[in-house]
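These notes are about the structure you will find just below.
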Number of protein chains: 2
Amino acid sequence: MFSKACEYGIRAAVYIALQSLDGRRVSVNEIAEEIDSPMAFTAKILQQLTKNNIVDSVKGPTGGFEIEREAMDTVKLSKIVKAIDGDKIYVGCGLGLKECNADKPCPLHDKFVDVRSNLRTMLQNTSLYELATGLEVGLTYLKR
Amino acid sequence: MFSKACEYGIRAAVYIALQSLDGRRVSVNEIAEEIDSPMAFTAKILQQLTKNNIVDSVKGPTGGFEIEREAMDTVKLSKIVKAIDGDKIYVGCGLGLKECNADKPCPLHDKFVDVRSNLRTMLQNTSLYELATGLEVGLTYLKR
DNA sequence: TTTAATTCGGATAAATTTATCCTTTATTAA
DNA sequence: TTAATAAAGGATAAATTTATCCGAATTAAA
């Protein structure tokens, strides 16, 4: 469904949000450890998230990643997925056809549109805050 | 969503079904041309479909691929997807966690279960016959 | 002002997926 | 029985994704 990079990206963002709720800024090192992801690769993905203004980064000692409380509400999963995997999950044809649309639909088009709009709606309506607070309260888990 | 291999596999199966409705057996060559896919790669995928009893193959002159009328009903998309991509699309965690389940859910678990069961239901309820007849009647298209 | 901690950015490597090529096997028809 | 046709199977190559490494830039604190 999502690429590995995107999975790590979402997990990282959620973890950063969780820690930011406590006013803690976190390093790549800590993030990778806590979300159980490869460190250097995670660093690359965090660069993308930073460039896309999904998280904030600060260099130097005491530096690291954080997310402002407000951004936790405005940043939806859709933004993260788009930043990392692009929009193919929203736009493309389920069977990989270039010229598939309502006018000239592939055999799966209509059924696929349903499933995908379901997914899109879910991603567009799910904020980082929502995910982070689930973790905070102990309802959900991130590691392994 | 699906791998390229799986996209080609579905398209190939639908095309074979369509031609089998006319009593025509088709070669890899024709299939690849008609569904606009790389020939040799498509041949590999057809081997998988054959091994999984999704299509029938016949060697030698006048040989090729075909699907029995009955199989067009019993073969659902889910079977093709499972044969090529495995069951990760049904089973795995959206965030790639190994130990994610209802007991110890990842932050996205519940929302993801919804989307995915939607997809699973769709794949389990969609037969090759349904897809092939859409094409036959000119409601849908397969190429490009 | 130096040192150390941290992100950033480029280069490269490993793994996986996608794709091609070629030989073998089966089978039909001449 | 032979020649031709088509799938099967193995080896390999190309492309993409995943992952690592290392030096540069930034910055806080000693």
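The values are calculated or read from the model by the stated rules, or taken from the named source; none is laboratory data. It should be emphasised that the depicted structure is a prediction, and the values quoted were computed from it without experimental measurement. FYI the Cβ positions are ideal-geometry reconstructions off the backbone, even for glycines, and counts take in every protein chain you see. To get the accessible areas, we keep the full protein, side chains included, count just its heavy atoms, and leave off ligands, DNA and RNA. Shrake-Rupley method; radii C 1.70, N 1.55, O 1.52, S 1.80 Å.
Give me a count of the residues in the stretch A:11-31 that are without any contact (Cβ under 8 Å) to a residue 12 or more places away in the chain and of a type outside the set (D, E, K, R).
Counting residues in the stretch A:11-31 that are without any contact (Cβ under 8 Å) to a residue 12 or more places away in the chain and of a type outside the set (D, E, K, R) gives 2.
Taking the options B:Cys106, B:Cys93, B:Cys100, name whichever one is under 24 Å from A:Ala13 (Cβ atoms) and at pLDDT 95 or above.
B:Cys106
Please indicate, with yes or no, whether at least one residue in the stretch B:86-108 is within 11 Å of DNA strand C (Cβ to nearest atom) and in contact with a Lys or Arg (Cβ under 9 Å, 6 or more places away or on another chain).
Taking every residue of the stretch B:86-108 in turn, none turns out to be within 11 Å of DNA strand C (Cβ to nearest atom) and in contact with a Lys or Arg (Cβ under 9 Å, 6 or more places away or on another chain).
Spot the failing condition for B:Gly94; the list is (1) closer than 30 Å to A:Leu135 by Cβ; (2) assigned to a helix (DSSP H, G or I), and only one is missed.
(2)
Name the single residue that is nearest to the chain's Cα centre (by Cα) among those in the stretch A:41-50 being more than 18 Å from A:Asp73 (Cα to Cα) and either part of a loop (DSSP other than H, G, I, E, B) or within 7 Å of DNA strand C (Cβ to nearest atom) (or both). Give the steps one after another, and end with the answer.
From the stretch A:41-50, those more than 18 Å from A:Asp73 (Cα to Cα) are A:41-48; that's our starting set.
Next cut, either part of a loop (DSSP other than H, G, I, E, B) or within 7 Å of DNA strand C (Cβ to nearest atom) (or both) only: A:43-44, A:46-47.
Details: A:Ala43: 14, A:Lys44: 14, A:Leu46: 11, A:Gln47: 13 Å.
If we take residues in the stretch A:41-50 being more than 18 Å from A:Asp73 (Cα to Cα) and either part of a loop (DSSP other than H, G, I, E, B) or within 7 Å of DNA strand C (Cβ to nearest atom) (or both), then A:Leu46 is nearest to the chain's Cα centre (by Cα).
Looking at the stretch B:1-14, which of its residues are in contact with a Phe, Trp or Tyr (Cβ under 9 Å, 6 or more places away or on another chain) and of a type outside the set (Gly, Ala, Ser)?
B:Met1, B:Lys4, B:Tyr8, B:Ile10
Kindly provide the set of residues from the stretch B:16-40 that are assigned to a helix (DSSP H, G or I), more than 14 Å from DNA strand C (Cβ to nearest atom) and touching a Phe, Trp or Tyr at 6+ places or on another chain (Cβ under 9 Å), ordered by number.
Listed by number, the residues that qualify are B:Ile16, B:Ala17, B:Gln19, B:Ser20, B:Leu21, B:Glu30, B:Glu34.
I need a count of the residues in the stretch B:96-144 that are of a type in the set (S, T, N, Q), free of Cβ contacts under 8 Å to residues at least 12 places away in the same chain and either over 30 Å from A:Gly138 (Cα atoms) or facing chain A (nearest Cβ under 7 Å) (or both). Explain how you work it out, then say what you get.
Keep residues of the stretch B:96-144 that are of a type in the set (S, T, N, Q), which gives B:101, B:117-118, B:121, B:124-127, B:133, B:140.
Checking the rest, the ones that are also free of Cβ contacts under 8 Å to residues at least 12 places away in the same chain come to B:101, B:117-118, B:121, B:140.
Remaining after also requiring either over 30 Å from A:Gly138 (Cα atoms) or facing chain A (nearest Cβ under 7 Å) (or both): B:118, B:121, B:140.
Qualifying residue count for the region: 3.
Which ones in the stretch B:51-74 are open to solvent by 60 Å² or more (accessible area, probe 1.4 Å), more than 16 Å from DNA strand C (Cβ to nearest atom) and part of a helix (DSSP H, G or I)?
Passing the criteria: B:Arg69, B:Glu70, B:Asp73, B:Thr74.
Which condition breaks for B:Leu77 when tested against (1) more than 15 Å from DNA strand D (Cβ to nearest atom); (2) surrounded by 13 or more Cβ atoms within 10 Å (Cβ to Cβ); (3) more than 20 Å from B:Glu136 (Cβ to Cβ)?
Single failed check for B:Leu77: (3).
Check off (1) within 28 Å of A:Arg144 (Cβ to Cβ); (2) more than 15 Å from the chain's Cα centre (by Cα); (3) of a type in the set (A, V, I, L, M, F, W, C) for B:Val81 and give me the number that stays unchecked.
It is condition (2) that B:Val81 fails.
Could you please find all residues in the stretch B:119-144 being closer than 14 Å to B:Arg11 by Cβ and open to solvent by 30 Å² or more (accessible area, probe 1.4 Å)?
B:Tyr141, B:Lys143, B:Arg144
Could you check, for the stretch B:31-39, whether at least one of its residues is surrounded by fewer than 16 Cβ atoms within 10 Å (Cβ to Cβ), more than 7 Å from DNA strand D (Cβ to nearest atom) and small (Gly, Ala, Ser)?
Looking through the stretch B:31-39, none of the residues is surrounded by fewer than 16 Cβ atoms within 10 Å (Cβ to Cβ), more than 7 Å from DNA strand D (Cβ to nearest atom) and small (Gly, Ala, Ser).
How many residues are within 13 Å of chain B (Cβ to nearest Cβ) and open to solvent by 20 Å² or more (accessible area, probe 1.4 Å) when one looks only at the stretch A:16-30?
So the answer is 1.
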